[in-house]
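Encoded as structure tokens, the structure appears first; notes follow it.
Nothing in this text is a laboratory measurement; each read-out follows from the coordinates by a stated rule. Owing to the predicted nature of the structure, the values given are computational and were not obtained by experimental measurement. Here the Cβ positions follow ideal geometry from the backbone for every residue, glycine too, while neighbour counts run over all protein chains shown.
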Amino acid sequence: MRLFIAVEFEESLKNKIFEIQQQLIATKSDVKWVGRDNFHITLKFIGEVSEDKLDGIISGIKKAITGHKEIKISISKIGVFPDLRNPRVIWLGADKDSAELSLLAENIEKEFSKIGLPESNKKFSSHLTLGRIRSRKGIEDLMDKIKSFETIPAGETRIRQIVLMKSILMPSGPVYSIVESFGL
């Protein structure tokens, strides 16, 4: 099964994120947009694992969250990966208050390395993906729209739990389901 650990959002924040996404969709650029119900911040992508590793993963998550309380973040940035000249991914990001979220992601990495799961070679980036750019069609209008946002009015949220998610890849896009939730 294909797994990842994520932070999901309250409906009110999902609605605000969706409104921002709709402004970008209006540029009619060639982007595979993430569905509203799939908005999340990935703390750790685990990848394909056999079912017999599930208990160890759940145990590792429980150890990693020990001592963590609810985390307040503000979604206030917009950008692209890897850069404006060669954009591939459009994202919204959390502000500087996400240090606690970064610490949580770091703790998860440490616990997973103890149980033999590979560590990520990427530094944690507190962001949610809005879409993946498929071609350069309409890219100028899209980049102009992204640059026009001085601030992102998405809002704040309190993270009270993290979730272990299962991802099934379908032609229409990934389908996510919660394997287990973990309260902070």
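Dipole magnitude for the chain: computed about the Cα centre from +1 point charges on Lys and Arg Cβ and -1 point charges on Asp and Glu Cβ, it is near 400 debye.
Remark: spin-label model distance Glu10-Ile168 equals 3.1 nm, labels positioned 7 Å along the Cα→Cβ axis.
Got a sec? Charge dipole of the range 1-160, +1 on Cβ for Lys and Arg, -1 for Asp and Glu; which of Trp33, Ser125, Gly47 is way out at the positive end? Positive-end residue among those listed: Trp33.
Using the Cβ of Thr129 as centre and a radius below 13 Å, the other residues enclosed give a net charge of +4, where K and R count +1 and D and E count -1. With a Förster radius of 25 Å applied to the C-beta separation of Phe45 and Lys72, the computed FRET efficiency comes to 0.55.
Full extension of the chain between Lys32 and Ser59 yields a length gain of 6.2 nm, computed as 0.36 nm times the residue separation minus the alpha carbon distance.
For the chain, the longest principal axis of the alpha carbon atoms and the long axis of helix 139-148 meet at an angle near 80°. When each of Met165, Met1, Met143, Met170 is scored by the number of other beta-carbon atoms lying within 10 Å, the sequence from fewest to most is Met170, Met1, Met143, Met165.
Computed on the chain, with alpha-carbon pairs under 8 angstrom and 6+ residues apart, the relative contact order is 34 percent.
What whole number of Å gives the distance from the Cα centroid of the range 124-152 to the Cα centroid of the range 82-106? Answer, in whole Å: 13. Seen against the Cα atoms of the chain and their longest principal axis, helix 99-114 is set at about 50 degrees.
Here the label points at Lys137 and Gln23, each 7 Å from Cα along the C-beta direction, are separated by 2.5 nm in the simple model. Positive contributions from Lys and Arg (+1) and negative ones from Asp and Glu (-1), summed over other residues with Cβ under 12 Å from the Cβ of Pro174, come out at +3.
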